[in-house]
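These notes are about the structure you will find just below.
The values are calculated or read from the model by the stated rules, or taken from the named source; none is laboratory data. Not measured: the values here are computed from a predicted model. Here Cβ is always computed from backbone atoms with ideal geometry, including for glycine, and neighbour counts include all displayed protein chains.
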Amino acid sequence: MIKIENLMKAYSNNHQSILKDVSVEINDGDVIAVIGPSGTGKSTLLRCINLLEKPTEGHIWIDGTEITDPGCDLGKVRQKMGMVFQSFNLFGHLTVIENIMLAPMDLLGKSRQDAYDEGMRLLRMVGLAEKALNYPDELSGGQKQRIAIARTLAMDPEIILLDEPTSALDPTMVGEVQAVIRDLAKTGKTLMIVTHEMNFARAISNRVFFMDEGGIYEDGTPEQIFDHPQKENTRRFIRKLKVLEFRIDSKDYDFLATAGEIDKYCYKNQISWKTAHRIRLAFEELVQQILVPVLAQPDIKTMIEYSEEEESAVMTVRYNGPAFDATQNGDELPLKLLESAVSEMCYTRDENAKRPNQAVLKIRTA
Amino acid sequence: MRTKGALSMPRMIPMKKLKDTTNLYTLKKRMLSLILLCVLLWAGAACAEDDAAAITSLEDLKGKRIGVQTGTTFDKIVLDALPDVKISFYNTNPDLAVALKTNKIDGFPGDEPVIRLMMAEEGGITILEERLDHFEYGIAISKTEAGEKLLAEINEWLASIRGSGELDQLVRKWTDGPESEKTVPDYASFPAPNGVLNMATEAAYAPMNYYRGNELVGLDIDLAARFCEARGYGLNVLPMLFDGILPALQSGKADIGMSGITITEERKESVYFSDPYYTGGTVIAVLKKAAGTEQTGGSGPLQGENGEGAGGQTEPQMNSIQDSFYKTFIREDRWKLFVSGVLTTLLITVLSILFGTALGFGVYMTCRNGNMAANGITRFCMWLVQGMPVVVLLMILYYIIFGSVAISGIYVAVIGFTLTFGTAVFGLLKMGVGTIDRGQYEAAYALGYTNRRTFFRIILPQAIPHILPAYKGEIVSLIKATAIVGYIAVQDLTKIGDIVRSRTYEAFFPLIAVTIIYFILEGMLAFLIGKIQIRMNPKKRKPESILKGVKTHD
């Protein structure tokens, strides 16, 4: 069992901490997929667990041994915890079979013969027995990663950490490595895998960590995370939403600059010219023409979400003041124009929210 | 008629040399550079022959170039007599002779007996009739309390042998007598009830001090030995470069210095001088052709110098390769000198490689994990060692740091080169280990390897193949760099070459012989490292050795 308590990691060169206060328990036999946008500390979390990164604060226990304790015999703990790297990191001066035999002989005191027999068994398992006497630089990326997995397994670890094992591979080789990992997931070992392959993550894991905002943002079963994400960022990530948010807090806000923001956002996300025009139009009519004139002290938050997969855009506008359905009450011309840009509109009011009025506009596509 | 006698010799070297050596050494690449060297030398010699008007008097030397041995007082003497000459400095008399012959200088001053001997050995040089001045040689004694007593003792003894006429007799023996009579007492076997005197001398200044075969002889040695014998001292002779003698006395490395040292007021400030034991005159040596001297007969180049021989010199001078070879290697068993020189060079090189590698490795291991103090100290030491010319480092070690310790120059050289080689090895390791990807460490750590074991099992085996080619280069540089140990009284190959040149006054042959020997030594060491390089490269292993001791079929 892995137990993490108040883990914090900051790099000394920039003061922003990449992990802020992570606490989690991982049970034996869990297969955990760690997903999330880049730069949210997925690899850092993994590397903290076997102390390749030294945590700035916090404690980690592996099977009751606190590895963050300076007196801990780190070598012994690491022997029970294999790691597979994005860049394979096979030992370049040794043949494939020696790569696998080295650690069991050096660290577990296995005889040459035992290490060899076990090594060959593992090589057969990953389908590379015939490459036993080749050097790593003679192999393809997929073959290297399968060897790296065999090398990790040779130490018979209880926990295996896989840090983006297929990210450095040619798309044609991803399959062979995933197949090996899939088999691994069935062996009952504790697995923790950082990956960007959502389908793969969903297929092998029984638990998913979605990482964002410096920690485990949402923790749940694959069904929960992929089909019914509870939290906003998870939903956006799973649906691959591109989001633009801005706030207007004065009648005299810089309209042209805001319109420029929207243009830039559309351009960056390769939103089609027509859709971009409609987004701009919807914003202009609803916010600039209808809302700003009526609100005495405008506090308007606009959020535009664009889904690349569905090529659809949704604009959500939340604003203060008494109940006022901006999608129905306004001058005729703006409403007409709004209608031409939007396919569906709905208005809701939630008295408890900071900005009680909400208008959701589905931008017309195609 | 203009003679071509001696000058034709260097031009003959290149052609014959090739034939003589190609079948001996098949190192073709090295031969190629040797050919280049020979062509350059030949070109230099050829140039030297042509211009230059005859110089027959001091008057003709006005505005000309004069070469002077470093550390002597000749520059002052020359400038007093000929104020507008251009002075350049050379390390030894043989260098001056070569410079003269290759037209780098128009003349050089020297003590009359020395230059006369040089004329006898090597034709093409003559002296001007006029003398620049007269001078006196004294025994230099270190300025200490013990030195003061020694001074009185020496002066008393000198007065006694002058009175008896023995001094005159000895001077005549060394400056005018036949070579067979020029012997010195066997000072090594003196009982030394009053202690051993260390004597610094140049050992390249015939007839005052020089090597005959393996034996150090000359008037200076003879006198010192006789004094020691008479007064119950042992004698230990330390050969060194002339300009190292006074520092050796000041630092206490030597008790007395005898090397044809002229007594001057300036030198008296740093050492005591005995009463003079020799009075001579300074003469200027010039090219024979330049001096306009007629040839003795219509003889061809091969017998050009016949009959010039003096001081018991009777062998005919054939200016040919065989003759040069004979003079350089065979006469007086000089090959033994070369053998000892090669051994000294090899000893210094090999010990420096071993200790330097150990030092560099040890320092690297201490600094590897980024220990702040260790890194700081290392950076400072490396900055110090690398910033200094090696020759300066050696002299500082020899004369200052080990100034008051009786330590052989060889050990000082080994220490000096261990330091420089150690810094090189440190740099190579840093560079080589730096090329290893961070991921190799992480993979090893993740498997459970400790930091130390990771380094030795995973990192170093991969770094060594990167390091070895540059390491080989460092070793070759090291052999060449050891050529400067002559500065601290070590007789390595280069110094032996100088010593032999100081006797034969052969301009080129010893230089080329020394060059060839260096090439052979470098070739041998590079070959050895090449073998290691193959052994150390894990990828060059035979497939059957990879799985030795394992049954490969189930």
* Asked: Given the structure, is A:Arg146 surrounded by 20 or more Cβ atoms within 10 Å (Cβ to Cβ) and over 30 Å from A:His228 (Cβ atoms)?
  -> yes
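Out of curiosity, is B:Val425 within 14 Å of another protein chain (Cβ to nearest Cβ), touching a residue at least 24 places away in the same chain (Cβ under 8 Å) and not polar (S, T, N, Q)? Lay out the reasoning, then the answer.
Numbers: within 14 Å of another protein chain (Cβ to nearest Cβ): no; touching a residue at least 24 places away in the same chain (Cβ under 8 Å): yes; not polar (S, T, N, Q): yes.
So B:Val425 does not fit the description; no.
Got at least one residue in the stretch A:268-280 being touching a Leu at 6+ places or on another chain (Cβ under 8 Å) and either without any contact (Cβ under 8 Å) to a residue 40 or more places away in the chain or not basic (Lys, Arg) (or both)? Spell out the reasoning first.
Restricting attention to the stretch A:268-280, the residues satisfying the condition of being touching a Leu at 6+ places or on another chain (Cβ under 8 Å) are none.
Checked the stretch A:268-280: no residue is touching a Leu at 6+ places or on another chain (Cβ under 8 Å) and either without any contact (Cβ under 8 Å) to a residue 40 or more places away in the chain or not basic (Lys, Arg) (or both).
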* To do: Look through B:Ile532, B:Ile546 and report the one residue that is hydrophobic (A, V, I, L, M, F, W, C), closer than 23 Å to B:Phe456 by Cα and in contact with a Ser or Thr (Cβ under 9 Å, 6 or more places away or on another chain).
  => B:Ile546
* Filtered residues of the stretch A:296-312 (kept if under 15 Å from A:Phe246 (Cβ atoms) and out of contact with any Leu (no Cβ under 9 Å at 6 or more places or on another chain)) -> A:Asp299, A:Lys301
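From the list B:Leu428, B:Leu397, B:Leu384, B:Leu393, exactly one residue is surrounded by 16 or more Cβ atoms within 10 Å (Cβ to Cβ) and farther than 15 Å from B:Tyr487 by Cα. Which is it?
Values: B:Leu397 fails: farther than 15 Å from B:Tyr487 by Cα; B:Leu384 fails: surrounded by 16 or more Cβ atoms within 10 Å (Cβ to Cβ); B:Leu393 fails: farther than 15 Å from B:Tyr487 by Cα.
Result: B:Leu428 is the single residue among B:Leu428, B:Leu397, B:Leu384, B:Leu393 that is surrounded by 16 or more Cβ atoms within 10 Å (Cβ to Cβ) and farther than 15 Å from B:Tyr487 by Cα.
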* Hits in the stretch A:34-86 - residues which are in a helix (DSSP H, G or I) and of a type outside the set (Gly, Ala, Ser) -> A:Lys42, A:Thr44, A:Leu45, A:Leu46, A:Arg47, A:Cys48, A:Ile49, A:Leu74, A:Lys76, A:Val77, A:Arg78, A:Gln79
* **Unique residue being more than 32 Å from the chain's Cα centre (by Cα) and either at the interface with chain B (Cβ under 10 Å from one of its Cβ atoms) or surrounded by fewer than 17 Cβ atoms within 10 Å (Cβ to Cβ) (or both) when the list is A:Met101, A:Met125** => A:Met101
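Of all helices (runs of 4 or more DSSP H) completely enclosed by the stretch B:468-554, which ones contain at least 2 residues that are loosely packed, with under 15 Cβ neighbours inside 10 Å, in contact (Cβ under 8 Å) with a residue 40 or more places away in the chain and not acidic (Asp, Glu)? Lay out the reasoning, then the answer.
Numbers: elements: B:493-504, B:509-536, B:543-546.
Result: B:509-536.
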* Structure fact -> Screening A:Thr302, A:Thr275 for residues that are hydroxyl-bearing (Ser, Thr, Tyr), at pLDDT 90 or above and over 20 Å from A:Arg355 (Cα atoms) leaves only A:Thr275
* To do: Inspect all residues belonging to the stretch A:43-51 and state whether any of them is more than 14 Å from chain B (Cβ to nearest Cβ) and closer than 19 Å to A:Ser205 by Cβ.
  => yes
* To do: Would you mind telling me which numbered condition in (1) of a type in the set (A, V, I, L, M); (2) more than 25 Å from the chain's Cα centre (by Cα); (3) in a loop (DSSP other than H, G, I, E, B) B:Ile407 fails?
  => (2)
* To do: Filter the stretch A:158-168 down to residues that are closer than 28 Å to A:Asn233 by Cα and surrounded by fewer than 22 Cβ atoms within 10 Å (Cβ to Cβ), then give me how many there are.
  => 3
* To do: Determine the pairs where a residue that is within 23 Å of B:Arg212 (Cβ to Cβ), located within the stretch B:239-250, has a partner that is hydroxyl-bearing (Ser, Thr, Tyr) and assigned to a helix (DSSP H, G or I) with Cβ atoms under 6 Å apart, the partner being 6 or more residues away or on another chain.
  => B:Leu241/B:Tyr487
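Tell me which strands (runs of 3 or more DSSP E) are completely within the stretch B:138-228 and hold 3 or more residues being of a type outside the set (Asp, Glu), or say none if there are none.
Details: elements: B:140-142, B:196-201, B:209-212, B:215-217.
Fully inside the stretch B:138-228 and qualifying: B:140-142, B:196-201, B:209-212.
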* For B:Lys104, work out the one condition from (1) over 28 Å from B:Ser270 (Cβ atoms); (2) in a helix (DSSP H, G or I) it doesn't fulfil. => (2)
* To do: Consider A:Gly175 carefully, then state whether it is away from every other protein chain (no Cβ under 13 Å), out of contact with any strand residue (DSSP E or B) (no Cβ under 6 Å at 6 or more places or on another chain) and surrounded by fewer than 21 Cβ atoms within 10 Å (Cβ to Cβ).
  => yes
* Residue within the stretch A:15-23 that is away from every other protein chain (no Cβ under 14 Å), in a loop (DSSP other than H, G, I, E, B) and over 22 Å from the mean Cα position of the chain (by Cα) present -> yes
* Asked: When only residues in the stretch A:104-117 that are of a type outside the set (Ser, Thr, Tyr) and within 7 Å of chain B (Cβ to nearest Cβ) count, which is surrounded by the fewest Cβ atoms within 10 Å (Cβ to Cβ)?
  -> A:Gln113
* Which of the residues belonging to the stretch B:227-271 are at pLDDT 90 or above, closer than 13 Å to B:Met199 by Cα and more than 21 Å from the chain's Cα centre (by Cα)? -> B:Phe227, B:Cys228, B:Tyr233, B:Gly234, B:Leu235, B:Asp255, B:Ile256
* Looking at the stretch A:24-33, which of the residues that are touching a residue at least 40 places away in the same chain (Cβ under 8 Å) and assigned to a strand (DSSP E or B) is farthest from A:Arg207 (Cα to Cα)? -> A:Val24
* To do: Would you mind listing the helices (runs of 4 or more DSSP H) fully within the stretch A:169-267 where at least 1 residues are of a type in the set (Lys, Arg)?
  => A:171-185, A:198-204, A:232-238
* Single residue of the stretch B:437-455 satisfying the filter (among the charged types (D, E, K, R) and surrounded by fewer than 19 Cβ atoms within 10 Å (Cβ to Cβ)) that is farthest from the other protein chains (Cβ to nearest Cβ) -> B:Arg452
* To do: Could you check, for the stretch B:351-358, whether at least one of its residues is touching a helix residue (DSSP H, G or I) at 6+ places or on another chain (Cβ under 9 Å), more than 20 Å from B:Met524 (Cα to Cα) and aromatic (Phe, Trp, Tyr)?
  => no
* Could you check B:Pro109 against (1) part of a helix (DSSP H, G or I); (2) modelled with pLDDT of 85 or more; (3) over 24 Å from B:Ala224 (Cα atoms) and say which number it fails? => (1)
